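Here the structure comes first, spelled out in structure tokens, and everything after it is commentary.
Readers should treat all values here as calculations from the given coordinates under stated rules, not as data from a laboratory. Owing to the predicted nature of the structure, the values given are computational and were not obtained by experimental measurement. FYI the Cβ positions are ideal-geometry reconstructions off the backbone, even for glycines, and counts take in every protein chain you see.
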Amino acid sequence: MRMAVKRSPRDKRKSKEKALVLPAIEIVQGRGRRVFAFPVDGKLLPAFASVTRIARTESDGVTGYQRPEVLSHISQIRKYLESPNPMLPNAIVVAFDRTVRFKAGRSAVSGLHGRTGLLHIPLPADDQATPGLIVDGQQRSAALREADVKRFPVFVIGFIAEDEAEQREQFLLVNSTKPLPKGLLYELLPSIDSPLPEALARRRLPAALLDRLNHDHDSPLRHMISTPTSPSGMVKDNSILRMIENSLSDGALFRYRGANDDCDTKAMLVTLKHFWSAVAQAFPDAWGKPPKRSRLMHGAGIVSLGFVMDAIADKHRRMRTPSETQFAAGLHCISPACRWTDGFWQFGLGNHIKWNELQNTTRHIQLLTDYLLTALRSANAIPHS
């Protein structure tokens, strides 16, 4: 990359106008639509590309198209950029006005699909609009701007836009594509050792535990969890992840967490396997059936029973890991009160829910959790709080 000084084509008598002159590749799409790919220091993005926020005009029309900055998302990307070995392979997409020009080099390498050359991007004065508007990548651009790094080169894909309507069209097209399924992301996480953005890093341990539960030969849930590579499983991966995350946060699995991600995953797996083996033993008629036939295997049952696991484990907290027998003893105490496959859940006066009307909602999960924990206390299976 090199800086060049150019005279403004609008008035050569004015002071010299600075411009970025960057090596680029030009391709032509459709009916003469020119698209450019070029590398640039991410710290320089604000110098030539800005963001147009969506808003309403006085006449209730829409102007702009970008959402407000998501500070939490920007913070996560920034932390990742400041980590020892970050990488941002995704290109920032920028719509340029016609002041941006491409010149093929004298020794340009031309192929069937494009040619090399130099892209001239004028750098505006403080009171002037930038020649580029970011169509995709505003959160990454903001994180690059804020990150405590001297430089960070990124790729930019640019195109010449006729007006804001065309920019908005491209924004919708870029952002309307189907995102990568979360289940696939979580299944890939355990195999990644390098630093990850905070949001993904938090999911790596739960995803690793889920993977072991679904594939270990001694797991009661072996091949029962539905994932992209095990689509025949009857229990949703999100339900298992939520159960594990709740316990890691402040439940039975929390005690096995150490500083700096130094976790006793072996003890975590033993606890999970002992508990779910006990569940299979305590509720044989409801175990292993599809959620439509058993609410035990439904999201509401899985998540609520996770809190039961935490409560029973807390009673036996002097032990490193509670045994399957200890978990089974607590579960057998609540077995008569459960309606996993028929009947009505008696949640209180006038609050009776048919077994198959129990839904995977926050309200129903809370109702079921409170009901099961109350049954445990009534049977003296856990101490009263």
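When 362, 341, 130 are sorted by how many other C-beta atoms sit within 10 angstrom of their C-beta, beginning with the fewest, the order is 362, 341, 130. Put simply, the amide H of residue 160, placed in the peptide plane, has neighbours under 5 Å in 34, 96, leaving out anything fewer than 5 places away on its chain.
A simple spin-label model places pseudo-atoms 7 Å from Cα toward Cβ; at residue 254 and residue 216 they are separated by 2.2 nm. The fewest-to-most ranking of 35, 100 by surrounding Cβ atoms within 10 Å reads 35, 100.
One decimal place: the segment residue 370-residue 87 gains 97.3 nm when fully extended, by the rule 0.36 nm per residue minus the C-alpha distance.
The modelled label-to-label distance for the pair residue 202/residue 162, using points 7 Å beyond Cα in the direction of Cβ, is 4.5 nm.
Suppose every K and R has +1 on its Cβ and every D and E has -1 on its Cβ; what is the size of the dipole of the stretch 182-378 about the Cα centre, in Debye to the nearest 20? Spell out each step's value before the answer.
Details: 24 positive and 19 negative charges, 76 e Å.
For the stretch 182-378, the charge dipole is close to 360 debye.
Of all the C-alpha pairs in the stretch 182-378, what % are more than 20 Å from each other? Write down the numbers at each step before the final one.
Details: 10473 of 19306 pairs.
Every Cα pair in the stretch 182-378 considered, those over 20 Å come to 54 percent.
The calculated FRET efficiency for residue 184 paired with residue 149, based on their beta-carbon distance and R0 = 41 Å, is about 0.85.
In this simple spin-label model, placing a label point 7 Å from the Cα along the Cα-to-Cβ direction at both residue 265 and residue 335 gives a separation of 3.4 nm.
Pairs from the list 236/315; 236/273; 289/315; 289/354; 292/315; 266/289 with a Cα-Cα gap above 25 Å: 236/315; 289/315; 292/315; 266/289.
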